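*Asks:* The structure's right below; bear with me while I get my questions together.
The values are calculated or read from the model by the stated rules, or taken from the named source; none is laboratory data. The model shown is predicted, which means the values in this text are computed figures rather than measured ones. Please note: Cβ atoms are built from the backbone with ideal geometry, for glycine as well, and neighbour counts cover all protein chains shown. Surface areas here come from the heavy atoms of the whole protein model, side chains and all, with no ligands, DNA or RNA. Shrake-Rupley method; radii C 1.70, N 1.55, O 1.52, S 1.80 Å.
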Amino acid sequence: MGRKIIKSVFLLILHEILFVATAAAEKPCQLSNIPSGSNIDGILQLLDCLHIGNEFELSKVHEDHIKELNVNFMEYQEIEKIHEKVMDKAIELDEYRNKILKGSNDLQVCQIEVDKLESEINVQKTTIDRLKTNSKLFGEYDKCKGELIRKRNKLKSLKHNVDILNATLIKKDALIEKRILELQNITKNQKTIQLELDDYQNKLRLKESDIQFCQFNLIFRNDTTQKRQHTRILTSCISFGDHPGVHQIEALYYDVFDVLCDSQIAGPGWIVIQQRVGGNESFNRDWATYRKGFGSFESDFFLGLEKIHRLTSSQDHELYVHLVFLNGTIKYAQYDNFKISNEENSYALSSLGKFKGNVVDEMRNYLNSKFSTFDQDNDTEDVHNCAEHFKSGWWFTHCYYCNLNALYGKDLNWYPPYELKEARMMIRPRKVK
């Protein structure tokens, strides 16, 4: 807007100069030939145009107008300077206006924050006023605070005591573990010692039994010397031929004892060492009973481990197993070199020899196995005592494939597990003497 005003003033001055020039000169300047605008070139051209009429005499009015024009031109220059200052001030004013706007925005943000703080202060003042109106709450608060401090101190003390007890407990646990290890070692040593003691006791019992037998045999032999001169005691059933039944024989370093001879099942000369014919005899017996023998020749019986050992140790014997299944089928298993060890070796099944028969060779599974009873666990089963579990004595492994001493029913079988009605085990010397 300032530039438009200055331009208008300048045009008015030019108009005055043109008017004076046209009035004084006979040959006026054409206005259209003078460039428009407020620049210096236009002014100079205007002066040149006016100079054409200098041949005329200038009047007093012309000089006055020239002077006035100079004054107006000077004023124009001043106005131009003022305009520049005004523009500078306008720029400064715009900068101040921007700063004021920014400050106003900052002020509004500060005002919002102040309002927020004043609101919070008012809320806190309200809370404080409400608390002040009830002095009892302050008393309860102080009381609770003091109680809380006391309990916190007590808790610290208890925690310290607990830490001490935990440390003591850890030491005691370590000591207990040490004692447990020592006890386990002692228990292992006791078991080892107990096993050694049992072994020595078995050996001692065997020796004592041998001594007793020897003493008894010595006395018996002394008392029956005359009788033996006239009567010959046999060592097998071979001599009885076709006369089965109960007869007396003797074994190596053993007293005379009764045996059941059989000549009908597999030919003459067989000694029945075990029989199951459906009787009510229990085969869940202890070690001493199996060692001595039990039962009745008329029903179920077991001849005795010691007698069987003495017989099979004196000379080679063959074994014949007679089996009668529930359906009436009769089968057999025969071994040509049957022998069991002494009591020191738990009457292990030490030899069987060659097999023949019409059943599976199941006795082979027990070769070198020790005999077991519920009070003498000699099987290779880790979980339980097979003799105790199946209520019978036998040469168990894991536990058995056949068990001719088992309870009547599904346990009394020969693998494949066919249930048996009857079973007999018989031996006789391999060579007839």
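*Asks:* May I ask you to order 140-153, 331-344 by the average number of other C-beta atoms within 10 Å around their residues, highest value first?
*Replies:* On the way: 140-153: 10.2, 331-344: 18.6.
Per-residue mean Cβ counts within 10 Å order the peptides as 331-344, 140-153.
*Asks:* Next up: Could you order peptides 64-76, 356-368, 249-261 by the average number of other Cβ atoms within 10 Å of their residues, highest first?
*Replies:* Numbers: 64-76: 13.4, 356-368: 15.5, 249-261: 17.1.
Top of the packing list down: 249-261, 356-368, 64-76.
*Asks:* Can I ask one more? Using 0.36 nm per residue of separation minus the Cα-Cα distance, give me the extension gain between residue 315 and residue 234 in nm, one decimal. Walk me through the intermediate numbers first.
*Replies:* Values: separation 81, 0.36 × 81 = 29.16 nm, distance 1.35 nm.
Residue separation times 0.36 nm, minus the Cα-Cα distance, leaves 27.8 nm.
*Asks:* Contour minus end-to-end for residue 105 and residue 142, with contour as 0.36 nm per residue of separation and end-to-end as the Cα-Cα distance? The partial results should precede the final answer.
*Replies:* Numbers: separation 37, 0.36 × 37 = 13.32 nm, distance 4.71 nm.
Taking 0.36 nm per residue and subtracting the Cα distance, the gain is 8.6 nm.
*Asks:* In addition: Assuming a ≥ b ≥ c are the square roots of the Cα gyration tensor eigenvalues, decide whether the stretch 292-433 counts as rounded (a/c under 1.5), prolate (otherwise, with a/b larger than b/c) or oblate. Write out the running numbers ahead of the final one.
*Replies:* Numbers: a/c = 1.42, a/b = 1.05, b/c = 1.35.
Rounded, because the longest to shortest axis ratio a/c is under 1.5.
*Asks:* What is the Cα coordinate range of the stretch 277-340 on the first, second and third principal axes, sorted by size from largest, in whole angstrom?
*Replies:* 38, 29, 18
*Asks:* Can you list the aspartates and glutamates whose alpha carbon sits under 14 Å from that of residue 410, skipping same-chain ones fewer than 8 residues off?
*Replies:* 419, 422
*Asks:* How much of the accessible area of the stretch 292-388, probe 1.4 Å, is carbon plus sulfur, in whole percent?
*Replies:* Numbers: 1760 of 4060 Å².
Summing carbon and sulfur atoms, their accessible area is 43 percent of the total for the stretch 292-388.
*Asks:* Cut-off under 19 Å on the C-alpha distance; same-chain residues fewer than 8 positions from residue 171 excluded. Which aspartates and glutamates are left, in chain and number order?
*Replies:* Once the sequence-local aspartates and glutamates are set aside, what remains near residue 171 is 163, 182.
*Asks:* Going from most exposed to least, what order do 374, 302 have by accessible area with a 1.4 Å probe? Intermediate results must be reported in sequence, preceding the final value.
*Replies:* Details: 374 90, 302 5 Å².
Heavy-atom accessible area, descending, gives 374, 302.
*Asks:* Under a point spin-label approximation (7 Å from Cα along Cα-to-Cβ), what is the residue 156-residue 64 distance to one decimal in nm?
*Replies:* 11.0
*Asks:* Sorted by mean Cβ packing within 10 Å, highest first, what order do the peptides 390-398, 78-86 take? Display every interim value, and only then the final one.
*Replies:* On the way: 390-398: 21.3, 78-86: 12.4.
The most tightly packed comes first, giving 390-398, 78-86.
*Asks:* Continuing with this model, one more query. Under the rule a/c < 1.5 gives rounded, and otherwise a/b versus b/c splits prolate from oblate, where does the stretch 241-299 land using the Cα gyration tensor?
*Replies:* Numbers: a/c = 2.54, a/b = 1.24, b/c = 2.05.
Oblate, because a/c is 1.5 or more while a/b does not exceed b/c.
*Asks:* With each pseudo-label sitting 7 Å past Cα toward Cβ, what's the residue 419-residue 173 distance in nm, one decimal?
*Replies:* 5.6
*Asks:* Let me ask something else. Quick one: grab the alpha carbon gyration tensor of the stretch 346-399, order the square roots of its eigenvalues as a ≥ b ≥ c, and give me rounded if a/c is under 1.5, else prolate or oblate depending on whether a/b is larger than b/c.
*Replies:* On the way: a/c = 2.52, a/b = 1.88, b/c = 1.34.
Prolate is the answer for the stretch 346-399, as a/c is 1.5 or above and a/b outweighs b/c.
*Asks:* I would also like to ask the following. How many angstrom separate the Cα center of the stretch 358-433 from the Cα center of the stretch 247-301?
*Replies:* 16
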